[in-house]
Structure formats: structure tokens, C-alpha cells
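Structure record follows, encoded as C-alpha cells.
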Amino acid sequence: MKADANRFLSQSLKILAMSTLALLGGCSDMVLFDPKGPVGDTERFIITAAFILMLLVVIPVIVMALWFTWRYRESSTKEHNYAPKWSYSGKIELAIWVIPLVIVTALGTLIWNTTYRLDPHNPIDSTAEPVNIEVVSLDWKWLFIYPDENIAIVNQLVFPVGVPLNFRITSDTVMTSFFIPQLGSQIYAMAGMQTRLHLLADEPGTYLGQNQQFSGSGYAHMNFKATAVSPGEFAAWLKTLRQSPEKLDRMRYEELLKPTSGYPVTPFSSVAPGLFDSIIGKYSTPKDHPGAMHGKYGFMPLPTARPEEG
């Protein structure tokens, strides 16, 4: 009997150790648990809280499964009578109903409150002037336009640390998903529509940006670097972009539209006026925008008409 007990405990510990190592082995890639901004930090809290709440059920079940298996094993020399003499147990009924009710209520309250607080349309409270960025998803690259600076760049996003980022996001191809895991809030980019996103980085550094929606053969390489720098470094970076010989006019944009994988980082010192709105307008009709101008690149909303999501 002692040998059986030792073998059982040994196997249990081995399984537990292997599971722990498997979880720890992936920690280096779990960037969601290393947030660098208020949105990502709140999302980490939600994930952690939900995990702990679920463990309140999972751990007792695992313990009881191991204990019952050991207590009622065939080789046991102790007698454990099976005597179901009862037809109702108030304690069992209380546990069955109260515990799940408490967990579901706590989880539901948490999600209800944070869902509204993390609405991607809600600006982030800050005394700093936000940086406006227009994002266009292409095959298989990202175009970032800084409308206030009249510059753009492909496959690189640079912004000042501690400053809110106001994104307008669309796609000039199939639906994709814009995501900077350490800053939070994955959101879709869709042709003919715009979505909004507000983020902020608390610390300087370079973070991975990616498309998490399968979009064809170049999907795996549709990544970019999101770099948070000091305000001084950001001003110097803008100055460098303004010296680029490349200009993002309509013809140059047509070249960008061609499906290419692994496209190099390419800065543009100027951008065609209204380019972002005209990209959305390509998929619209006069009925969608009654007061729009029609041109080669579709129905472009007038400056006073900024289409919202949908």
C-alpha cells in the first residue's frame, strides 16, 4: 500500500511540475502581462482577476478529484462505506448555487464596468495635447499618416511617451486587426469604414505591433515597430521625416496598394490632401455621403463631414 501511495504522489507531482514548466516556458512571449500603458494595464488586471475567479472552482475540483481517487482506490485497506442515506443536503445545495452565483456576479460586474471604461472611442484623460494618427491597412503593410504634420511612414509608428494617441483606422484591402499588445485594445480595420482607438505609452521603448486577422499569404509578416520616445526625440524624428525625398501623392499611393510582403520602412515628407478620407470614400456611394465630392479615388467626404465608424 505504501508503494502505491508513493507511486501515486510521484506521478501527481510530475504532472504538476510539467504543467508549471509549460506555463513558465511561454512567459517570455506573454507580452499582455507586461503592459506599458494604462489601457494595457487595465486589461491585464481583467485577465488576472478572471483567472483567479475561475481558480476558485478549478482548484477545489482538482483537489477533490485527487483526494477521491486516492481515498477510494481499490488497493485501500480501509473500509469506506457507501451509504447514501440522505435525499437532500442543504450544505451541498448552498455550495452548488451560492459559489457560482458569487463568481458570476463578481466577473459580470468587473466586465460591465471595465467594458465602458475601455471603450476604444473614449479619449484618454491627459493634460498633454494628443497626437492624431491615421492608420491604413494594406497588403501586407501598415501606412501611418500624421495629418497634423502632413507626413507619413510605412511599417513604423513613432510617438511621444506620456502623450495620448488618437487613431483613425481603416483598410484598403480585406479586414485586418490592428494590435499593439503592450498598449492594449485590439481593433479591426475595415474597408469603407473607420474605427477609432485611443492609447498611451507610460514608458519609452519599442513594442511589437501586428495584424492578428488572417489576410492572405503575407499575413505572417504584417508587423511593425511601435516606438515610444521622449518629446524631444519625437520632434527630431518628425524633422528627419520632413527631409525625406519621398512624397505620398496619389500615384505613389497606388504603388503602395500592390500586394508586397516585408515592405521596408519608408518615410514620406508630404501626403496628398484628404488621402485618408478618400480611401474610405473609395468604398462609398453618393447615397452614403450626400454632400460628398466625386473623383478618381471615389466619393471623398467634404472637410466638414468626417465619417464615423460604419
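The values are calculated or read from the model by the stated rules, or taken from the named source; none is laboratory data. It should be emphasised that the depicted structure is a prediction, and the values quoted were computed from it without experimental measurement. Ideal geometry is used to build each Cβ from the backbone, glycine not excepted, and the neighbour counts take in all protein chains shown.
Some points to look at:
- Residue selected from the range 125-147 under the condition of a type in the set (Phe, Trp, Tyr) and under 20 Å from TRP237 (Cβ atoms), by the criterion surrounded by the most Cβ atoms within 10 Å (Cβ to Cβ): TRP142
- Restricting LYS247, LYS225 to those that are surrounded by 13 or more Cβ atoms within 10 Å (Cβ to Cβ), charged (D, E, K, R) and closer than 30 Å to LEU32 by Cβ reduces the list to LYS225.
- Breaking point among (1) surrounded by 16 or more Cβ atoms within 10 Å (Cβ to Cβ); (2) of a type in the set (Ser, Thr, Tyr); (3) without any contact (Cβ under 8 Å) to a residue 40 or more places away in the chain; (4) not in a strand (DSSP E or B), for TYR188: (4)
- Checked against the criterion of being within 15 Å of VAL158 (Cα to Cα) and either at pLDDT 95 or above or in a helix (DSSP H, G or I) (or both), the candidates LEU208, LEU183, LEU238 yield just one match: LEU238.
- Identity of the residue in the range 211-224, at pLDDT 90 or above and outside any loop (DSSP other than H, G, I, E, B), that ends up nearest to VAL158 (Cα to Cα): PHE224
- Residue match in the range 38-61 (condition: over 30 Å from GLN182 (Cα atoms), out of contact with any Phe, Trp or Tyr (no Cβ under 7 Å at 6 or more places or on another chain) and not assigned by TED's automatic domain parsing to the domain that holds VAL163): yes
- Exactly one residue out of ASN150, ASN113, ASN122 is among the polar types (S, T, N, Q), loosely packed, with under 13 Cβ neighbours inside 10 Å and in contact (Cβ under 8 Å) with a residue 24 or more places away in the chain: that is ASN122.
- For the residues GLU93, GLU129, GLU149, the requirement of being in a loop (DSSP other than H, G, I, E, B) and either over 25 Å from the mean Cα position of the chain (by Cα) or closer than 30 Å to HIS221 by Cβ (or both) singles out GLU149.
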